[in-house]
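The values are calculated or read from the model by the stated rules, or taken from the named source; none is laboratory data. Bear in mind the structure is a predicted one, so any value in this text is a computation, not a measurement. Note: ideal-geometry Cβ built from the backbone for every residue, glycine included; neighbour counts use all protein chains shown. Heavy atoms of the whole protein, side chains included, go into the accessibility calculation; ligands, DNA and RNA do not. Shrake-Rupley method; radii C 1.70, N 1.55, O 1.52, S 1.80 Å.
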Amino acid sequence: MARTSRSSARASVGLVLGAGGVAGAAWHAGALAALAEAGWDARSADLMVGTSAGSGTASVLRLDVPPSDLLAGTLGQTMGPAGSAFSEKAGRGGEMPPPEIGGRIPTPASPAMALRSLAAPWRLKPMKVAAGLLPVGRVPTDFIGDRIRRTHDQPWPDRPTWVCAVRLSDGARVVFGRDVDDVHLATAVEASSAIPAFFAPVEHGGDLYVDGGAHSPTNADLVAGLGFDAVVVSSPMSGTADSIRRLKWTGGRALHRQTLDREVRRIRADGTPVLVLQPDVDVVDAIGPNSMDPSRRADIGRAAYESVAEYLASDAAADRLAALT
């Protein structure tokens with residue numbers, strides 16, 4: 001993906017959409033709506049890399065639903081024509097089934113995956129170790145994929161879209177749309193969203209897959225060296241320095257920020273500008289202690305929009321925003 005010349009009418013941009021559960025989807029809606037108002041529409045991304053919640057957001061953007069409609073839907077407001085058409089075709093759904101309780105003795109999902117990660121401490125992935133040692137999830141992901149199956153007439157979007165998951169047998173990151181191309185987007189998003197110990201692993205081609213966030217909440221390193229004029233990273237699970245220092249409801253945000261920083265350094269190694277969007281104190285407060293709480297969706301979307309709009313209007317973001325537009 002070569003960079004465009006300076007005389008080109010449009011910059012080539014890679015978009016990375018990170019994991020984050022219900023809160024992550026609401027964050028993406030608010031953040032991308034603010035970014036669109038600032039001059040760059042996420043639908044124009046030359047490549048979308050989605051993990052978990054980010055893969056679901058990418059699936060809707062690839063249907064040409066504008067970020068403003070993502071936010072309107074999150075806030076419970078009337079959407080425009082594209083968003084309304086999507087919602088009607090998708091139908092009802094998105095209600096998370098309750099977890100199954102009892103009936104068997106919990107056993108680790110993949111001790112081999114945990115041991116492989118522990119055997120290489122220089123590249124240790126704590127979330128991958130946890131995913132291997134935690135019991136297998138039992139909640140099906142059909143409620144996530146069915147809406148995608150109803151709205152995507154083709155198995156995969158025409159424009160480059162990569163969906164990240166982790167193969168349960170050995171812990172390898174697998175990128176659907178790049179490494180595996182014989183899968184429906186809905187199945188890939190289900191696999192990418194299969195949170196360990198909660199959602200059941202998703203089968204494809206004889207292998208079981210779980211949430212790509214077990215490898216990295218963002219997987220932004222995938223766009224390094226691809227020659228983009230700029231990269232946008234929307235990272236719901238990390239956080240600004242102020243939000244992490246406060247130590248309230250931060251969870252693993254400090255760890256995820258470290259992972260993101262390493263990935264962003266790889267992208268910037270060849271001079272590629274990277275615009276990073278991540279929750280500040282107000283957004284973290286809106287998310288609260290449970291990123292899977294749907295009752296907080298509107299508050300998170302609203303806080304994300306306001307936070308990112310303020311950041312994009314600052315001098316700190318001016319150069320990176322200019323690289324997009």
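Here are the numbers for the structure shown:
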| read-out | value |
| --- | --- |
| Length added when fully stretched, residue 241-residue 314, from 0.36 nm per residue minus Cα-Cα | 24.6 nm |
| Over the range 181-325: Rg over Rh, Cα atoms, Kirkwood Rh | 0.99 |
| Note, ³J(HN,Hα) from phi for the range 85-90, Karplus 6.51, -1.76, 1.60, rounded to Hz, x at Gly and Pro | 5, 4, 4, 5, 6, 5 |
| Area accessible to solvent at residue 310, 1.4 Å probe radius, in Å² | 130 |
| 20 Å reach of a label modelled at residue 266, 7 Å along Cα-to-Cβ, counting backbone N of the range 223-241 | 223-239 |
| Per-residue ³J(HN,Hα) for the range 12-28, Karplus 6.51 cos²θ - 1.76 cosθ + 1.60, θ = phi - 60°, Hz, x for Gly and Pro | 8, 10, x, 10, 10, 10, x, 7, x, x, 4, 5, x, 5, 5, 4, 4 |
| Three semi-axes of the equivalent ellipsoid, the range 232-300, Cα gyration tensor, whole Å, largest first | 25, 13, 9 |
| Protection-proxy order for peptides 301-309, 287-295, each taking the mean of Cβ atoms within 10 Å per residue, highest first | 301-309, 287-295 |
| Karplus-derived HN-Hα couplings along the range 312-325 (A = 6.51, B = -1.76, C = 1.60, θ = phi - 60°), whole Hz, x at Gly and Pro | 5, 7, 8, 5, 4, 9, 4, 5, 5, 5, 4, 5, 7, 9 |
| Surface/4 of the Cα convex hull for the range 129-263, nm² | 9.7 |
| Inter-centroid distance (Cα atoms) of the range 260-325 relative to the range 185-217, Å | 25 |
| Protection proxy ranking of 249-258, 311-320, 214-223 - average other beta-carbon atoms within 10 Å, highest first | 214-223, 249-258, 311-320 |
| FRET efficiency estimate (nearest 0.05) - Cβ-Cβ, residue 153 to residue 181, R0 22 angstrom | 0.80 |
| Amide H contacts of residue 180 (H built 1.01 Å from N, under 5 Å, at least 5 apart or other chain) | 175 |
| Accessible surface of the range 234-325 [probe 1.4 Å, protein heavy atoms]: carbon and sulfur percent | 49 |
| Segments 152-159, 12-19 sorted - mean Cβ within 10 Å per residue, highest first | 12-19, 152-159 |
